[in-house]
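The values are calculated or read from the model by the stated rules, or taken from the named source; none is laboratory data. In this text, all values refer to a predicted model and were calculated from it rather than measured experimentally. All Cβ positions, glycine included, derive from the backbone under ideal geometry; neighbour counts span all protein chains shown. Heavy atoms of the whole protein, side chains included, go into the accessibility calculation; ligands, DNA and RNA do not. Shrake-Rupley method; radii C 1.70, N 1.55, O 1.52, S 1.80 Å.
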Amino acid sequence: MTPPPGSLLAAEDLHKTYGPTKALDGAEFSIHPGEVVAVMGPSGSGKSTLLHCLAGIVVPDSGSITYDGRELATMSDAQRSALRRSEFGFVFQFGQLVPELTCVENVALPLRLNGTSRKEAERAALTWLERLEVDDLAKKRPGEVSGGQGQRVAVARALVTRPRVLFADEPTGALDSLNGERVMELLTDAARSTNAAVVLVTHEARVAAYSDREIVVRDGRSRDMERIV
Ligand SMILES: Nc1ncnc2c1ncn2[C@@H]1O[C@H](COP(=O)(O)OP(=O)(O)OP(=O)(O)O)[C@@H](O)[C@H]1O
Ligand SMILES: [Mg+2]
């Protein structure tokens, strides 16, 4: 199938079942470079499943996903994981930082795994911690920082490789509204500064307000929602 013109990542007619559960039942999606799209919908509607399919983590039963003109289904597992490492970034509800590493080491980790020297990786990591306004925490371990601070570190880690798509699944779900809004401000500013597209799963309208466009998933089906301004 042909993705919408100009889209970086697009999906058509995705189906995914888990036993009797239809997690996705004809879902569609598309995003342009630099665009921030919020994926909304009630619990269990298929938002995370859609994100995992788009990111090549879960393989749908049927349907088409194209990234930068390439059909994900035609790629091997190794090619898909290389794509995730080099072109995608991830932020989840609970930062999932490595507890034994300091904040700067956590942010440097994706670069280290790509073969960057320690010195260079930590220098880049520090720049990203500064952008997220948590550079004073560089030497602390995740257990010694607050939830909001940890999420800022997680955003820095997701963007340090300059991904073309940032996948964020309820990135502020564990934060109070003030911290949540600050993280969203910093996340969207940082993503826009690198022209990364952002797939933002949330069920909070306040968080979705940071997007350019919203889509709603219900019972595994998605549709565009005209923004009510
Ligand atoms: N690995 C799995 N095994 C079995 N069922 C699953 C699995 N992943 C998702 N499901 C089911 O698929 C449906 C969609 O789940 P999904 O996690 O995509 O929902 P969601 O919209 O992200 O919900 P939430 O807002 O609670 O995170 C649910 O009924 C869920 O129980
Ligand atoms: Mg979910």
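Can you tell me which of 73, 82 is open to solvent by less than 70 Å² (accessible area, probe 1.4 Å), over 22 Å from residue 200 (Cβ atoms) and part of a helix (DSSP H, G or I)?
82
Residue-wise test of (1) modelled with pLDDT of 95 or more; (2) over 30 Å from residue 179 (Cβ atoms); (3) aliphatic (A, V, I, L, M); (4) more than 16 Å from ligand 1 (Cβ to nearest atom).
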residue	(1), (2), (3), (4)
4	no, yes, no, yes
14	yes, yes, yes, no
18	yes, yes, no, no
46	yes, no, no, no
54	yes, no, yes, no
69	no, yes, no, yes
88	yes, no, no, yes
98	yes, no, yes, yes
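State the number of residues belonging to segment 91-105 that are of a type in the set (S, T, N, Q) and within 17 Å of the chain's Cα centre (by Cα).
So the first thing to find is which residues in segment 91-105 are of a type in the set (S, T, N, Q), and the list is 93, 96, 102.
Add one more test, that the residue is within 17 Å of the chain's Cα centre (by Cα), and what stays is 93, 96.
So the count comes out to 2.
For segment 96-144, give me each residue that is among the polar types (S, T, N, Q) and under 22 Å from residue 188 (Cα atoms).
Those that are among the polar types (S, T, N, Q) and under 22 Å from residue 188 (Cα atoms): 96, 106, 127.
If the requirement is being surrounded by 14 or more Cβ atoms within 10 Å (Cβ to Cβ), part of a helix (DSSP H, G or I), aliphatic (A, V, I, L, M) and touching a Ser or Thr at 6+ places or on another chain (Cβ under 9 Å), which of these qualifies: 111, 129?
On the way: 129 fails: touching a Ser or Thr at 6+ places or on another chain (Cβ under 9 Å).
Residue meeting the stated conditions: 111.
In segment 17-51, what residues are more than 29 Å from residue 192 (Cα to Cα), within 11 Å of ligand 2 (Cβ to nearest atom) and of a type in the set (A, V, I, L, M, F, W, C)?
Hit for segment 17-51 is 23, nothing else.
Before we move on, is residue 122 closer than 28 Å to residue 180 by Cα and assigned to a loop (DSSP other than H, G, I, E, B)?
no
Please go through segment 166-179 and give me each residue that is within 25 Å of residue 101 (Cβ to Cβ) and either open to solvent by less than 10 Å² (accessible area, probe 1.4 Å) or free of Cβ contacts under 8 Å to residues at least 12 places away in the same chain (or both), ordered by number.
Within segment 166-179, 166, 167, 168, 171, 172 meet the criteria.
I need every pair where a residue in segment 47-63 that is closer than 18 Å to residue 208 by Cα and charged (D, E, K, R) has its Cβ under 6 Å from the Cβ of a residue that is open to solvent by less than 50 Å² (accessible area, probe 1.4 Å) and within 16 Å of ligand 2 (Cβ to nearest atom), sequence separation at least 6 or different chains.
47/39; 47/41; 47/201; 47/217
Which of the residues belonging to segment 142-172 are in contact with a Gly (Cβ under 8 Å, 6 or more places away or on another chain) and within 16 Å of ligand 1 (Cβ to nearest atom)?
The answer is 167, 172.
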